[in-house]
Structure formats: C-alpha cells, structure tokens
Amino acid sequence: MSKIEAVLFLASDGVTVDFLCEKLGLEKSEVEEALKGLREKYSGASGIHLIKFKNSWQLSTNPAYQEEVAMILNPVREKALTRSALETLAIIAYKQPLTRLDIEDIRGVDSAYALQILSQNNMIEVVGRKDTVGNPLIYATSDEFLKRFELESIEELPSYEDLIEKIKVISTKEDELMPRVDA
C-alpha cells in the first residue's frame, strides 16, 4: 500500500491499476485492495482524497477545501471562470464534441474569449478538426474537467437542471466577490 501511495503522490496524472500491477509486480487483487485502503485513508475530512476517473487513480485536494486552497494558491485562476465561461463549459459538457460556431449558435454571442479562458484553465481541449470549409477546431471537456467536477467519466454528468443550479450558486459567489459598480 505504501509503494502505491508513493507512486500516486508523485504521479502528475492518473495511474491505472494495470500500470501499477506491471510496474510494481503485483496482482490486480493486491492493487485493488491497496487502493481500497488508500481511499479509506484519504476520505472524509482529510485534506487529500483519492479519486478515480477514466479508470485511473489520482490523489487530489479535498473538494470541501477548494475555496480556501484556491484563494491561497491561485485566486486569479479561480475567478477567471466567469459566468459566460461556465455557460460555455456547460454547453460543451452536454453537447460535445462541437465547434466554436456550434457553441455560438447555442449561446447567441461570440464565445472566443470564453473558449480561451476554458482552455487556459484546462477545462476543455481541442479533439480534432471538423471536415468542413476552414476545418474549424472541435472542442470537448478535458480530464481536468472530470477531476474538478469529481466525475469518473462524462456519463456521470448530473442532469442539465442540476448543473444549471450549480452554475447559479457559483455565479452568486462570483457576484459576491466582485466589487459593485453603481452607474
């Protein structure tokens, strides 16, 4: 268990059970048992959680402390997800893969800046080019999106209505953080 813990601590990306078996010379049942123990150790009020996404395991900050960690380590980046960026992210999450024009048809406004912000925050990634005039980029959500929203796969997305409610909560918090400017 300690060897697996050390590998997970140093790994910048998720690690699969098969990888751990191969590199550590362990049986699948041994690795799965160790991961079960680590998941128990890193749960609840612990500052670190062991998460699973896309059949990979990774140590992650406890989401309960997300706001405090973000304020200390990266306040600008966290605030960069504006209402329009979150709206664009929701569209991509539920309709992916799609082009910028597809997104703009849904939103009714230019989405270049929102796509830039989402790319900079590693929430989305380019997954190809559409075979049409101009070969526009095709966007989809990234592994970072899955980690941040604690999803193992895109199929675990909440219903669209639940997501809109979460976005409203985030937007309300953002409005509270922004100074009010009276006209």
**Prompt:** Using the C-alpha gyration tensor of segment 75-142, what are the square roots of 5 times its eigenvalues, in whole angstrom, with the largest one first?
**Reply:** 20, 13, 10
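Would you list 124, 154 from the most to the least accessible area, probe 1.4 Å?
Largest accessible area first, the residues go 154, 124.
How much accessible area per residue does segment 87-161 have, counting only protein heavy atoms and a probe of 1.4 Å, in square angstrom?
Result: 56 Å² per residue.
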**Message:** Going by amide H atoms built from the backbone, whose H comes under 5 Å of the H on residue 42, apart from near neighbours?
**Reply:** 50
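For residue 46 and residue 19 in the same chain, what is the full-extension length gain: residue separation times 0.36 nm, less their Cα-Cα distance, in nm? Walk me through the numbers before you get to the answer.
Details: separation 27, 0.36 × 27 = 9.72 nm, distance 2.61 nm.
Length gained, residue 46 through residue 19: 7.1 nm.
Ignoring any ligand, DNA or RNA, what whole percent of the accessible area of segment 1-116 comes from carbon and sulfur when the probe is 1.4 angstrom? Intermediate values should be presented prior to the final figure.
Numbers: 3830 of 7040 Å².
Percent of accessible area from carbon and sulfur atoms in segment 1-116: 54.
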**Request:** Could you pull the Cα extents of segment 7-119 along its three principal axes, largest to smallest, in whole Å?
**Result:** 53, 32, 20
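How much length is gained if the chain between residue 39 and residue 6 is pulled fully straight, taking 0.36 nm per residue apart and subtracting their Cα-Cα distance, in nm to one decimal?
Details: separation 33, 0.36 × 33 = 11.88 nm, distance 1.39 nm.
Extra length from residue 39 to residue 6 when fully extended: 10.5 nm.
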**Fill in**
The set of residues whose placed amide H lies less than 5 Å from the amide H of residue 99, leaving out same-chain residues fewer than 5 positions away, is 139
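The values are calculated or read from the model by the stated rules, or taken from the named source; none is laboratory data. Predicted, not measured: the structure shown is a model, and the values here were computed from it. Heads up: the accessible areas ignore ligands, DNA and RNA and are worked out on the full protein's heavy atoms, side chains in. Shrake-Rupley method; radii C 1.70, N 1.55, O 1.52, S 1.80 Å.
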